[in-house]
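Computed from the coordinates by the stated procedures, all read-outs in this text should not be read as laboratory data. Just so we're clear, the structure is a prediction, and the values are computed from it rather than from any experiment. As a convention, Cβ positions derive from the backbone with ideal geometry for all residues, glycine included, and neighbour counts pool all protein chains shown.
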Amino acid sequence: MSLTLYDAFVPSCQQILGGMAGVIDKAEAHCGESGCEASELIEAKLADNMWNLPWHVRSVWAHSAYVISLLPTGEFSPDFTELPQDWDAMRAKLKRTQDELAAVTPEQLEAIADKTIGFVLGGKRLMEFTGQNFLLSFSQPNFYFHATTFYDILRMKGVPLGKRDYLGTPRIIG
């Protein structure tokens, strides 16, 4: 059985996004139980020169559903708008991402697998990839980086999380 680009990318993104939604629920519950202000968690960063939780939520969208929507254009430029500023907005962004990924078909991704896509930043085309290589060697690592950092920030701030929270629901037999 061969693995399609869709199989290598979309289901794993959906799994981790589901885990992130559960992590948000635990973070919000932690605030209620510990008396911690939501803003203390939402604005937290791993280091002063890194991004906060809203940035990471937007970034998992950008490196999954958003990039797939841009692949047919031949250019990807990061989206620096619309940061979800509270738990409900983060949940909504993750739900929107899940809905957009649910609409993607294997045929759509196979159609762009060999198409050239440029990474554009500040109006400059910095790198070129095939669609497949862009997804698997650029977007997918970025997706996991931002999902992991989101988890790590909350874990660092005392939210009781474990690896199973991060993983979401694995695709098991039966």
Once Lys and Arg are counted +1 and Asp and Glu -1 for all other residues with Cβ under 12 Å from that of LEU71, the total becomes -2
With the dipole of the stretch 1-64 defined by +1 on each Lys or Arg Cβ and -1 on each Asp or Glu Cβ, the option from ILE42, LEU53, ALA8 whose Cα lies farthest towards the positive pole is ALA8
Computed for the stretch 13-167: size of charge dipole around the Cα centre, +1 on C-beta of each Lys and Arg, -1 on C-beta of each Asp and Glu, debye to nearest 20, value 260
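Give the average over all directions of the projected area of the C-alpha convex hull of the chain, one decimal, in nm².
Details: hull surface 44.5 nm².
Dividing the Cα hull surface by four gives the mean projection, 11.1 nm².
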Given Cβ charges of +1 for Lys and Arg and -1 for Asp and Glu, the option among ALA92, ALA65, TYR144 whose Cα lies farthest towards the positive end of the dipole of the chain is TYR144
Filtering the chain for DSSP H helices with an axial alpha carbon extent of at least 30 Å and a Kyte-Doolittle mean of at least -0.5 returns 5-34
Packing-ranked peptide list from 156-162, 51-57, highest mean Cβ count within 10 angstrom first, is 51-57, 156-162
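For a 30 Å ceiling on Cα separation, which of these pairs sit above it: LYS93/LYS157; LYS45/LYS115; LYS124/LYS163; LYS93/LYS163; LYS26/LYS124? Display every interim value, and only then the final one.
On the way: LYS93/LYS157 22 Å; LYS45/LYS115 37 Å; LYS124/LYS163 39 Å; LYS93/LYS163 22 Å; LYS26/LYS124 41 Å.
Those over the limit are LYS45/LYS115; LYS124/LYS163; LYS26/LYS124.
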Sorted on mean Cβ neighbours within 10 Å (highest first), peptides 25-32, 128-135, 105-112 come out as 128-135, 25-32, 105-112
If amide H atoms are modeled at 1.01 Å from N in the peptide plane, then the residues at a separation of 5 or more from ALA44, or on another chain, having amide H under 5 Å from its own are LEU53
The extension gain from MET127 to LYS26, computed as 0.36 nm times the residue separation minus the Cα-Cα distance, is 32.5 nm
